[in-house]
Amino acid sequence: MAGLRYLLDTDIISDLARNPAGAAARRLLKAGVDRVATSIVVASELRFGLARINAPRLSSRVTQVLAILEVLALDTPVDEHYAEIRSMLERAGTPIGPNDLLIAAHARALDLTMVSGNQREFSRVKGLRVENWLA
């Protein structure tokens, strides 16, 4: 895990699978695969999405992308960040989705920059750096 800088969200990995020469892929190469990971929550979202559809080619591409990335398990202190983020957002009346909340807590706990096209939700999380590699 040493040297990691970025945590990729579901939409970024989907783009990598669908557009292997696209903007996200170019940013991944520039950052270096060894500095990029994803969360088990993201991998779970992707696997669920693939289980709902019959798309063998896309499934193969997603599997290939996940195979080159480190998939990080949830561990402490993610739980502490989760509790702090959720309570702060609920007090402000600006909650985010449950999976996005776990992913944000994961990135913040590990001091990683969250990479997502969903900047609207993630930008509400205090102390979380967010980049959009699709823009």
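What the table below lists for this structure:
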{"read-out": "FRET efficiency estimate (nearest 0.05) - Cβ-Cβ, residue 31 to residue 73, R0 25 angstrom", "value": "0.70"}
{"read-out": "Summed residue charge, Cβ within 9 Å of residue 114's Cβ, Lys/Arg positive, Asp/Glu negative", "value": "0"}
{"read-out": "Ranked packing of 38-44, 61-67, most packed first, by mean Cβ within 10 Å", "value": "38-44, 61-67"}
{"read-out": "With Cα atoms, 0 to 90° folded angle of helix 56-68 axis to the chain main axis", "value": "60"}
{"read-out": "Cα pair distances in the chain, grouped into 10 Å bins until the bin that holds the longest one, percent each", "value": "13, 45, 33, 10, 0"}
{"read-out": "Debye, to nearest 20: dipole size of the chain, +1 on Lys, Arg Cβ, -1 on Asp, Glu Cβ", "value": "500"}
{"read-out": "Farthest toward positive dipole pole in segment 1-114 [+1 Lys/Arg, -1 Asp/Glu at C-beta], among 93, 113, 68", "value": "68"}
{"read-out": "Highest-fluctuation residue, 99, 19, 54 considered, GNM on the chain with Cα pairs under 10 Å", "value": "54"}
{"read-out": "Segment residue 88-residue 44, length gained on full extension (0.36 nm per residue, minus Cα span)", "value": "13.3 nm"}
{"read-out": "Leading residue at positive end of dipole, segment 6-131 (Cβ point charges), from 6, 59, 41", "value": "59"}
{"read-out": "Expected 222 nm ellipticity per residue - DSSP helices of 4 or more, -39500 (n - 2.57), all of the chain, to 500", "value": "-16500 deg cm²/dmol"}
{"read-out": "Segment 1-71: radius of gyration over Cα atoms, expressed as a fraction of 2.2 N^0.38 Å", "value": "1.05"}
{"read-out": "Net charge, residue 133 excluded, C-beta distance under 11 Å - Lys, Arg +1, Asp, Glu -1", "value": "-1"}
{"read-out": "Bridge type composition, the chain - antiparallel percent by DSSP, nearest 5", "value": "0"}
{"read-out": "Residue-by-residue Karplus 3J(HN,Hα) for segment 44-53, coefficients 6.51, -1.76, 1.60, Hz, glycine and proline x", "value": "5, 4, 5, 4, 4, x, 5, 5, 7, 10"}
{"read-out": "Length released on extending from residue 19 to residue 53, taking residue separation times 0.36 nm less the Cα-Cα span", "value": "10.4 nm"}
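Coordinate-derived values only; no laboratory data. Computed from a predicted model, the values in this text were never measured in an experiment. Note that each Cβ is placed from the backbone with ideal geometry, even for glycine, and that neighbours are counted across all protein chains shown.
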